[in-house]
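The values are calculated or read from the model by the stated rules, or taken from the named source; none is laboratory data. Not measured: the values here are computed from a predicted model. Protein only, heavy atoms only, side chains kept; ligands, DNA and RNA dropped before computing areas. Shrake-Rupley method; radii C 1.70, N 1.55, O 1.52, S 1.80 Å.
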Amino acid sequence: MKVLDLKCSHEHRFEGWFASTEEFESQLSRKLVACPVCSTTEISRTPSAPRLNLSSNRSDNGASSSETTPGSDHAMQARALQFMREVLENTENVGDRFAEEARRIHYDEAPARNIRGVATREDAHALIEEGIEVMPLPVPAALKEPLQ
């Protein structure tokens, strides 16, 4: 199994696991490798060092010293993905009925609950003008389905 360090054209960095380098190249050419953050298929390899499981590379809590540090891009991406997962877990997907359902909740015609869905820009502006708070939140394709 080959673990490759990858990045997308938007500079999101992530790992990919492949049977071989040739398998990675094959999947890349068929646009089967996508960024888990933004779903682009414009992916490239980044230089990586071999991973050695030596006790001197571990901190007191057992985490590798090469793990993401709190201010790093990796850490920010991880926090953003965790936030998105929590939003998805704690909201009901009402799909393209979002504007209609948001109005029903706002006007007490439906039970109050956290919802998510799809709305046009015009519908979102109309909701805001009615005093209904909405927040656009693009969900990466990787989070729309269970992760493997």
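How many residues are among the β-branched types (Val, Ile, Thr) and either open to solvent by 50 Å² or more (accessible area, probe 1.4 Å) or under 15 Å from the mean Cα position of the chain (by Cα) (or both) if we restrict to segment 12-37? So the count comes out to 2.
Per the listing Thr41, Thr68, Thr46, the residue uniquely at pLDDT below 80, closer than 16 Å to Glu15 by Cα and of a type in the set (Val, Ile, Thr) is Thr68.
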